[in-house]
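Asker: The structure that follows is given in the form of structure tokens.
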Amino acid sequence: MVPVLVSFSIVLVMVLGSLSFVSASTKYSRSAQDVDLALEAAESGVNDLLAQLRVDPNYVDHVTADDGYCVNEAVGGPAAEGDVFAADCGWGEGPAKYKLLSGGQEYHYAVVSSSELAQSIVVVSTGRSNDVYRSIKVRISRELTTNWLYMNDYSIADPTDIEGWASFTDYGYLPDATSEECGAGYVPGAPKPYYAWDASPFVPASEGKTRLFEAFHVVDYLCMQAGWSGNVNDYSSIGLDGPVHTNDVIVGLGAKISGPFTSSLPRCKEVDPENRATWNLCTTSWLLDPNDSNMSVGSIGWRGGAPSWREPLEFPTTQKPKQMAFDDGVGCAYRGPTRIVLQGESMRVWSKGTTDYRDGCGAIAELESDAGAVATIPTDGLIFVDAMEGVVPERIRAGEIGDGLPLGTYTGEAPSAGAEFKEEIAMAQPEKMAGLGNVWIEGEFGGKNLTVVADRGVVVTGDIVATPDSGALIGLMAGERVELFNPVMQTVKANATGTAWGAPVWESGVPPSSFQYVDQGVWPSDYKGGEREVYLDTAIYSAKASFTVQSLDPLVAGRSIGMIRVHGSVFERFNGATANPQHGGYGIDWTYNSALTKDEPLLFPAIENGDWVIVWEEKADPITEVKM
């Protein structure tokens, strides 16, 4: 009997043990399932906010206690600690608010960071399933130009850069650079010019709109070649490692794009991702015809997958950053020609037109001095250089900006018999006159992100590089043009009677002897030790013009200056010149800096018709510990 009882006891223990194991396994399985369900619920919270923003882009811009975000049943309560809108919404004590899903899971989310200018939001969303919690932290942003390595609006030569394209006519590359056909009739604020692919009837500028490409006319080819010759359309020295978009069309004759590519060229809709033979429909070759059916097909080394069509994007101006700087007192605000040399977490600034003192941005007397003012990089991350008020534009005298700039010997004196002076060719242009909002910048930066905005132009006088391990980002935003300093000098002599200044002229396309060339070992300034190379760890934004190299025309024939290496992003309205096919210039090697989406955004305005997208996501600590 005893053996039987023992055997029965053993069997009972085994059964109970099995039941216990099954129960624990079931509980563990259910808990594991709840973890997945809670994570799905957290993602539903992010999708909830995305849906709200796509219906109303201002959903979190103007929060009131009785409307929009504040009354969403998925926000509010003690769990909203850290929500930037907690005070505006007037949330009191009480349980966290969760929104119920059809499967029984719930979610709650809180906006913990928001930039109205960049339309960028960081949200923490928590999902709950049977007392199991999971949270994710996500940045949602309206698309910025910094989401791409390279973007342009129009692929033609910059019609505002008369200096940059003047000599192409002499060498048979262009019609007159000021001609209506090449877009000179377009001015900011006027009706938009046409894209190359737009086959609309030609409307002369005299009738209110400029036709950049008249169908079946040789000027189409010539205008586009100017664009191709200088920048990302030049196939001979191209490297683009990152996402690219053009509202127009990019020429492809062997250029290599190592990232996603989109174009608003209508023919691009016909691309079949599974048929590589169709991919080059998104580009064109040299002989451009605006009629899609006749446009020749180019070739690009597609390394980022199949290209695709996207509607034209609408790009903002510098108006919002200007309002922040001068109306809201954000960052440092300077007026007139300004020189900035970045020095890690500080900077040396010359700005003789600035009359309003702002704490940390340099004392007025020091800004006017030969030594300049040592200022701190503004905590708000914004520097704006605007025009001086009530100043009649005139040529800037040599050294008047500060730090030895501009170069030359021009003193502003009246002409006299036998008198002469030397000056930078670029400084004779109308957009470089005294009193206008231009900034000359170079150096090393670190510590915090910085956006430098100029009402007119940004002149990059040397490398702009991040200090090692700083992780800081810098943006250069120009109301018109961002230029790389290339100080070619010209000599201006008084006429025989000494009553007026003359000017050097072109003779049969050959630079006159009065042109002198500055040693490229001196300019642009070198901070990284790259011989014949310019390093720009920057995001560049040319609101109304282009990113270009100064004074390409007088370069010695066939001369290659070096390479422009951008680690960041570039947007330009038109296609700027970085090289001249007759004279040489810079090749380009540009790579995208993914930190532009992962870190705090620069103070660039959002693309006006851009989508709301998730730019990064990470797991966050849940509001309540996970219960197993």
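Asker: Do we have any residue at all in the stretch 100-107 that's crowded, with 19+ Cβ neighbours inside 10 Å and part of a strand (DSSP E or B)?
Answerer: Among the residues of the stretch 100-107, at least one is crowded, with 19+ Cβ neighbours inside 10 Å and part of a strand (DSSP E or B), which makes the answer yes.
Asker: Tell me, which strands (runs of 3 or more DSSP E) lie completely within the stretch 426-498 with 3 or more residues that are hydrophobic (A, V, I, L, M, F, W, C) and either surrounded by fewer than 23 Cβ atoms within 10 Å (Cβ to Cβ) or within 19 Å of the chain's Cα centre (by Cα) (or both)?
Answerer: Counting at least 3 such residues, we get 438-445, 450-454, 457-466, 474-478.
Yes or no, residue by residue, for (1) modelled with pLDDT of 80 or more; (2) out of contact with any Gly (no Cβ under 7 Å at 6 or more places or on another chain); (3) under 16 Å from Asn152 (Cβ atoms):
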residue	(1), (2), (3)
Phe571	yes, yes, yes
Pro581	no, yes, no
Gly585	no, yes, no
Thr591	yes, no, no
Phe604	yes, no, yes
Gly610	yes, yes, yes
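Asker: Check off (1) assigned to a strand (DSSP E or B); (2) surrounded by 20 or more Cβ atoms within 10 Å (Cβ to Cβ) for Ile396 and give me the number that stays unchecked.
Answerer: Going through the list (1) assigned to a strand (DSSP E or B); (2) surrounded by 20 or more Cβ atoms within 10 Å (Cβ to Cβ), Ile396 breaks only (1).
Asker: Output the residue which, of all residues in the stretch 403-425 that are open to solvent by 40 Å² or more (accessible area, probe 1.4 Å) and outside any loop (DSSP other than H, G, I, E, B), is farthest from Pro487 (Cα to Cα).
Answerer: The qualifying residue farthest from Pro487 (Cα to Cα) is Glu420.
Asker: Name the single residue, out of those in the stretch 273-289 being of a type in the set (S, T, N, Q) and over 16 Å from Thr262 (Cα atoms), that is modelled with the highest pLDDT.
Answerer: Checked the stretch 273-289; the qualifying residue modelled with the highest pLDDT is Asn275.
Asker: Let me ask something else. Please pick out the residue among Asp403, Asp380 that is at positive phi and of a type in the set (Asp, Glu).
Answerer: Asp403
Asker: Taking into account only those residues within the stretch 241-257 that are at pLDDT 80 or above and either open to solvent by 10 Å² or more (accessible area, probe 1.4 Å) or closer than 10 Å to Trp302 by Cβ (or both), which is nearest to the chain's Cα centre (by Cα)?
Answerer: Pro243
Asker: Right, here's the next one. If you take the residues in the stretch 66-89 that are open to solvent by 60 Å² or more (accessible area, probe 1.4 Å) and farther than 22 Å from Val615 by Cβ, which one is modelled with the lowest pLDDT?
Answerer: Pro78
The values are calculated or read from the model by the stated rules, or taken from the named source; none is laboratory data. All values derive from a computational prediction rather than experimental measurement. When we count neighbours, we look across all protein chains shown, and the Cβ atoms used for this are built from the backbone with ideal geometry, even at glycine. Just the protein is used for accessible areas: all its heavy atoms, side chains included, with ligands, DNA and RNA removed. Shrake-Rupley method; radii C 1.70, N 1.55, O 1.52, S 1.80 Å.
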